[in-house]
Structure formats: C-alpha cells, structure tokens
Amino acid sequence: MGTRFRPRGFIRRTATGLSPAAAAAGRAAVERDLGARASRLVEAASDRLRERRHPSRPTMRALVMAGGGRLAWRTVPAPPPPGPDGALVRPIAVATCDLDRALALGATPFPLPVNMGHECVAEVLAVGDNVTSVRPGQQVCVPFQINCGACVKCLAGHTSNCLAVPPLSMYGFGAGGGHWGGALAEQLAVPYADAMLLPLPDGVEPVAAASVSDTICDAYRHIGPHLPAMLRRDPDTEVLIIAAFTPRALFAASVPLYAGQVALALGARRVRLVDVRPHVRAAAQRLGITALRPSELRRVPPAPLVVAASATSRGMWEAMKKTAPDGVCSSVGGLYRAGRMPMALLYGRNASLSVSRTHARALMPEVLELMATGRFRPEEVVTTRGTFDQAPRLLGEHYRGDDIKTIVTA
Ligand SMILES: [Zn+2]
Ligand SMILES: [Zn+2]
C-alpha cells in the first residue's frame with residue numbers, strides 16, 4: 001500500500017529544494033568527524049547491496065518517504081542480531097515529529113529517501129550479552145539520537161553530541177542521520193541498549209510516551225531546567241510561548257503545546273501561547289493554556305521564561321523582546337541562516353538566551369518521572385490515532401493538513 005503526497009501552494013514552493021539556510025544548518029551540525037560519517041554511510045550502503053545480492057537475513061517492512069512525496073511500505077533487510085551492548089526492538093507506538101512535514105518535503109538538511117519514524121515506544125525482542133538494564137518483552141522508550149552513555153559528552157548529559165558515533169546520528173533521518181533505520185518498521189537496532197533504552201514506568205501507556213523519544217524532551221528542556229527555581233522565588237512566574245507567526249508554518253505544533261503542559265504541571269499559574277493558527281490556539285485552550293493571536297502580543301508583559309518556538313527570525317525577535325529582566329529566552333531552534341537581535345535590550349535586562357538542540361536521552365528520566373505523577377499527560381496533544389497498516393494514509397494527511405500529532409500502533 002502506498003500513498004502519494006502532492007504538495008500544493010506554498011508547500012510546493014518550499015519543497016522545491018533544500019534552502020541555502022537549511023543546508024548551512026546541516027553543515028554546522030556535522031562539522032566534526034566527516035570521515036566517520038562517510039564510512040558509516042558506506043558501510044550501510046554495502047550492507048544493503050550485499051543483502052540484495054545474497055540475502056542472509058529475514059526481511060521486514062519499513063515505511064519510506066521518497067522524493068516527489070512517494071510514501072510507501074518497502075521490503076528491507078531486518079537488522080542483524082544485536083552486538084554485545086545492543087538490543088533489537090519492535091516499535092509498538094510511533095509518533096510524528098513536528099519536523100516530519102518539512103522532512104517529508106525535502107525542506108530540511110536531510111535528503112530523501114528517508115525511512116520514516118524517530119519517536120517510538122518499543123518492545124525489546126533481544127539483547128546482547130553485556131546488557132543488564134532491559135530484558136526481552138519489556139516496553140521501552142527509545143531516544144531518537146544514538147548515544148553510547150560512556151564518552152565525555154554522554155557523561156556530561158550532552159547525549160546529542162555523542163563522540164562514539166558520527167555527528168547527528170539519529171533514527172528516521174535517512175542518510176543525513178547516518179542510516180540507522182526508522183521506527184515505522186517491524187524492527188529497530190539499538191547499538192547501546194543500557195545507555196539508550198528506558199523501561200516505560202508503570203501506568204504510562206505506550207501512546208502517551210511515544211514522543212518522549214524526541215518532541216516531549218525537546219519541549220521539556222525549555223521549562224524543566226528553569227521554571228522550578230523561578231517559581232520558588234516568585235510563585236506568579238509566567239511562561240510565554242511564541243509559536244507560529246505565519247499560517248504557512250511548516251512545523252507542527254506539538255513542542256509548544258508540550259512546553260505549555262510541562263509548565264502547568266510544574267506549577268505555573270499562567271502560561272500564554274501565541275500562535276496564528278486557530279487549531280493550535282483551540283488545542284492550547286483545551287489544555288488550560290491561554291492562547292493568543294500574534295496581534296495580541298503587544299498587550300502581553302515581558303515574561304521571566306520565554307520559549308521561542310516559531311522557528312522563524314520574526315518569532316525569535318518577538319521572543320527576545322518579551323523576555324523580562326533576569327529572564328531566560330530559550331529557542332527551540334530554526335533553519336534560517338541569520339536573524340536580528342535586540343542586543344541593547346537583552347543587555348539592559350540582563351536576559352539569557354539559549355539556542356540549542358535537545359539532548360533527548362539525558363532528559364528522558366525526568367520527563368518520564370513527571371509523566372508517572374499523572375500531572376503531565378502528553379496524550380492530550382495527540383490529534384490522530386491509527387494502526388501501522390493505516391500509516392501511509394494517516395501520515396499523508398498529517399503532512400497535508402492541520403494535524404498536530406499522529407500516533408500509530410502495531
Ligand atoms: Zn524530531
Ligand atoms: Zn557517547
């Protein structure tokens with residue numbers, strides 16, 4: 001079964017090729033170890049070729065997005081049995097990422113084709129001899145970034161920059177992520193099981209935790225490290241989340257909504273979210289977040305904690321201007337090459353600016369702990385649910401429409 005996603009209007013224009021800014025972001029991210037990256041890709045390509053000529057392993061299905069918006073199940077070789085530190089897992093709940101639409105359109109630094117899916121809860125099928133923290137049959141959260149747990153970066157909690165693997169080693173990003181496979185498949189190989197996998201806590205459902213792999217941690221990082229101390233100093237500390245300023249935003253809105261949920265779960269009395277898209281404002285209101293149009297931002301006072309989640313330079317500018325004295329402006333990131341900065345204002349207000357990528361695995365324990373309390377329920381952000389068999393159609397609809405989060409289960 002396959003589906004063809006035909007981009008229209010602005011999406012078609014955006015998707016006509018990789019923008020120079022996106023290319024620049026990709027280059028910056030892979031500055032380290034280009035040689036290791038090249039050999040990883042050569043190794044993966046030779047394995048595929050070998051398996052095609054002389055198959056030695058069983059095959060499985062994997063959902064592949066090819067150029068021109070062709071999304072279909074393909075038959076591919078199953079991963080080899082795990083090495084001594086590895087595990088083999090079966091994804092059971094797989095979520096879309098806010099970046100998926102841009103990724104599927106070829107509007108990111110990651111070229112197509114891509115084995116889709118990098119957010120999942122999985123069941124452990126087999127583990128290597130050295131693995132002690134998980135066992136077959138357990139349900140586990142799988143971080144989207146590959147990390148070893150033992151290098152200086154991993155030990156410092158900078159798991160997205162693990163030195164044991166090439167830069168940007170991730171599931172579900174095709175060759176650009178180092179060909180580690182995608183979660184929309186029957187099996188996934190986890191090279192460092194003890195370092196990467198975390199058992200699902202009791203009472204937390206796979207559908208609720210599917211996005212812990214990436215987008216939930218990507219939202220938590222803006223709130224968890226800052227808000228508790230701010231609330232201890234001032235229980236009325238407000239959080240302001242700046243999301244889309246243009247209705248043509250390429251990115252889905254789960255990260256800004258999760259950030260709002262986390263802020264409320266940690267005790268914020270008021271969380272405001274600015275987004276031009278009516279469906280995102282409606283979702284925010286349902287979650288107890290005060291939703292505003294961009295035109296209403298003028299009336300909003302500067303907040304001690306601002307999340308810049310628009311991925312545009314205009315949104316970044318507004319977020320920095322709305323950061324209160326001694327406050328923090330935390331940026332989700334963006335693929336634009338450069339932007340303006342209200343330097344004198346930030347200096348005068350003694351504001352801190354953080355621009356970073358998420359270190360998913362380092363944040364996963366805190367996130368799962370908060371979910372286990374029942375105060376943070378990310379499943380309330382899910383807009384579409386279905387089965388693996390329905391994935392081509394549901395993902396096609398996700399790329400086309402106003403869907404915020406689709407989750408498919410095996
Ligand atoms: Zn993602
Ligand atoms: Zn490492």
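The values are calculated or read from the model by the stated rules, or taken from the named source; none is laboratory data. What you are looking at is a predicted structure, and each value in this text was computed from that prediction instead of being measured. No Cβ is skipped: glycine too gets one built from the backbone with ideal geometry, and neighbour counts run over all protein chains shown.
Taking every residue in the range 146-167 that is in contact (Cβ under 8 Å) with a residue 24 or more places away in the chain and pairing it with any residue that is within 16 Å of ligand 1 (Cβ to nearest atom) and among the hydroxyl-bearing types (Ser, Thr, Tyr), at least 6 positions away or on another chain, the pairs with Cβ-Cβ distances below 6 Å are ILE146/SER169; ASN147/THR159.
Considering only the range 120-127, I want to know if a residue exists there that is assigned by TED's automatic domain parsing to the domain that holds ALA391, touching a helix residue (DSSP H, G or I) at 6+ places or on another chain (Cβ under 9 Å), among the hydrophobic types (A, V, I, L, M, F, W, C) and within 16 Å of ligand 2 (Cβ to nearest atom). Scanning the range 120-127, I find no residue that is assigned by TED's automatic domain parsing to the domain that holds ALA391, touching a helix residue (DSSP H, G or I) at 6+ places or on another chain (Cβ under 9 Å), among the hydrophobic types (A, V, I, L, M, F, W, C) and within 16 Å of ligand 2 (Cβ to nearest atom), so the answer is no.
Condition (residue is surrounded by fewer than 21 Cβ atoms within 10 Å (Cβ to Cβ), within 16 Å of ligand 2 (Cβ to nearest atom), assigned to a loop (DSSP other than H, G, I, E, B) and of a type outside the set (Gly, Ala, Ser)) applied to the range 225-245: is it met by at least one residue? Within the range 225-245, not a single residue is surrounded by fewer than 21 Cβ atoms within 10 Å (Cβ to Cβ), within 16 Å of ligand 2 (Cβ to nearest atom), assigned to a loop (DSSP other than H, G, I, E, B) and of a type outside the set (Gly, Ala, Ser).
Across the range 338-359, the qualifying residues are those that are surrounded by 13 or more Cβ atoms within 10 Å (Cβ to Cβ) and not in a loop (DSSP other than H, G, I, E, B), and the one among them that is nearest to the chain's Cα centre (by Cα) is SER354. Among the residues of the range 313-333, which ones are outside any helix (DSSP H, G or I), surrounded by fewer than 20 Cβ atoms within 10 Å (Cβ to Cβ) and under 22 Å from the mean Cα position of the chain (by Cα)? Scanning the range 313-333 gives a single hit, GLY333. What do you reckon, is ALA25 of a type outside the set (Lys, Arg), modelled with pLDDT under 75, closer than 21 Å to LEU184 by Cβ and in the same structural domain as VAL165 (by TED's automatic domain parsing)? It is false that ALA25 is of a type outside the set (Lys, Arg), modelled with pLDDT under 75, closer than 21 Å to LEU184 by Cβ and in the same structural domain as VAL165 (by TED's automatic domain parsing).
Within the range 255-264, does at least one residue satisfy the condition of being in the same structural domain as ALA38 (by TED's automatic domain parsing), under 24 Å from THR406 (Cβ atoms) and not aliphatic (A, V, I, L, M)? No: the range 255-264 contains no residue that is in the same structural domain as ALA38 (by TED's automatic domain parsing), under 24 Å from THR406 (Cβ atoms) and not aliphatic (A, V, I, L, M).
In the same structural domain as HIS222 (by TED's automatic domain parsing), buried (at least 23 other Cβ atoms within 10 Å of the Cβ) and touching a residue at least 24 places away in the same chain (Cβ under 8 Å): is that true of VAL300 in this structure? It is false that VAL300 is in the same structural domain as HIS222 (by TED's automatic domain parsing), buried (at least 23 other Cβ atoms within 10 Å of the Cβ) and touching a residue at least 24 places away in the same chain (Cβ under 8 Å).
When the residues of the range 141-164 are narrowed to those that are more than 16 Å from ligand 1 (Cβ to nearest atom) and surrounded by 22 or more Cβ atoms within 10 Å (Cβ to Cβ), which ends up nearest to GLU43 (Cα to Cα)? Full working, then the answer.
Residues of the range 141-164 that are more than 16 Å from ligand 1 (Cβ to nearest atom), as a first pass: 148-158, 161-164.
This time we only want the ones that are surrounded by 22 or more Cβ atoms within 10 Å (Cβ to Cβ), so: 154, 162.
Details: CYS154: 24, CYS162: 19 Å.
Looking at the filtered set, the residue picked out is CYS162.
If only residues of the range 155-209 that are more than 18 Å from the chain's Cα centre (by Cα) and assigned to a helix (DSSP H, G or I) are counted, the one that is farthest from ligand 2 (Cβ to nearest atom) is ALA193.
Does at least one position in the range 120-132 carry a residue that is surrounded by fewer than 24 Cβ atoms within 10 Å (Cβ to Cβ) and at positive phi? No, because not a single residue in the range 120-132 is surrounded by fewer than 24 Cβ atoms within 10 Å (Cβ to Cβ) and at positive phi. When the range 53-87 is limited to residues that are touching a residue at least 12 places away in the same chain (Cβ under 8 Å) and assigned to a helix (DSSP H, G or I), the one that is surrounded by the most Cβ atoms within 10 Å (Cβ to Cβ) turns out to be GLY69.
When the range 129-186 is examined, which residues are found to be among the aromatic types (Phe, Trp, Tyr), within 19 Å of PRO82 (Cβ to Cβ) and in contact with a His (Cβ under 8 Å, 6 or more places away or on another chain)? Show your work before the answer.
Filtering the range 129-186 down to residues among the aromatic types (Phe, Trp, Tyr) leaves 144, 171, 173, 180.
With within 19 Å of PRO82 (Cβ to Cβ) added as a condition, the list becomes 144, 171, 180.
Result: PHE144, TYR171.
What about VAL271, is it β-branched (Val, Ile, Thr), out of contact with any Gly (no Cβ under 6 Å at 6 or more places or on another chain) and surrounded by 24 or more Cβ atoms within 10 Å (Cβ to Cβ)? Taking the combined requirement at face value, the residue does not satisfy it. Across the range 106-124, the number of residues qualifying as in contact with a Lys or Arg (Cβ under 9 Å, 6 or more places away or on another chain) and within 24 Å of ILE216 (Cβ to Cβ) comes to 6.
Would you say ALA391 is in the same structural domain as PRO228 (by TED's automatic domain parsing) and in contact (Cβ under 8 Å) with a residue 60 or more places away in the chain?
It is false that ALA391 is in the same structural domain as PRO228 (by TED's automatic domain parsing) and in contact (Cβ under 8 Å) with a residue 60 or more places away in the chain.
Would it be correct to say that GLN138 is at pLDDT 95 or above and away from ligand 1 (no atom under 16 Å from the Cβ)? Against the criterion (at pLDDT 95 or above and away from ligand 1 (no atom under 16 Å from the Cβ)), GLN138 qualifies.
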